[in-house]
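Enquirer: Have a look at the structure that comes next, please.
Since every read-out is calculated from the coordinates, none of them should be taken as a lab result. Quick caveat, the model's predicted, so the values are computed rather than measured. Here the Cβ positions follow ideal geometry from the backbone for every residue, glycine too, while neighbour counts run over all protein chains shown.
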């Protein structure tokens, strides 16, 4: 089963995640998250599948997040507005996002990856 990884090639965390998946023998399709961010519909589905709160999907250490002062703005926004915002700019999405179509993880921690994607 193929796994899709939304990632940024220059991101060390993304590279570590890809390496981990390949070491586990996973077939990986890599998608550049800045050039081809997930669509609004894809995000909505993946957020639901991840079981995570939408705020966990934001790259809170990123420049765009800080420039737009989202720390202050997000609490007053609806979930729909947050999804629209994420879909509008791949730099706002915490990476990597890994999905097999039914399961989704956001970010990279080896223990989490072993649990979710280990064989």
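Enquirer: In square nanometres, what is the average projected area of the Cα convex hull of the chain? Please report the intermediate quantities before stating the final value.
Expert: Values: hull surface 27.6 nm².
About 6.9 nm², averaged over all directions.
Enquirer: So what does the Cα-only Debye profile of the stretch 30-95 read at q = 0.15, 0.17, 0.22, 0.25 Å⁻¹, as log10 I(q)/I(0), no solvent term?
Expert: Those come out to -0.41, -0.54, -0.92, -1.19, one per q.
Enquirer: Order 20-27, 87-94 from most to least packed using the mean count of other Cβ atoms within 10 Å. Provide the component values of the computation, followed by the final result.
Expert: Values: 20-27: 13.1, 87-94: 18.6.
Highest to lowest by the protection proxy: 87-94, 20-27.
Enquirer: Let me ask something additional. Against the longest alpha carbon principal axis of the chain, how many degrees, from 0 to 90 and to the nearest 10, is the axis of helix 40-50 turned?
Expert: That helix lies at roughly 60 degrees to the long axis.
Enquirer: Please arrange 57, 117 by how many other C-beta atoms lie within 10 Å of their C-beta, fewest to most.
Expert: Numbers: 57 23, 117 18.
Listing 57, 117 from fewest to most nearby Cβ atoms yields 117, 57.
Enquirer: If you take the Cα Rg of the stretch 67-119 and divide it by 2.2 N^0.38 Å, with N the number of residues, what do you get? Could you put the intermediate results ahead of the total?
Expert: Details: Rg = 14.0 Å, N = 53, 2.2 N^0.38 = 9.9 Å.
Relative to the 2.2 N^0.38 Å estimate, the stretch 67-119 comes out at 1.41.
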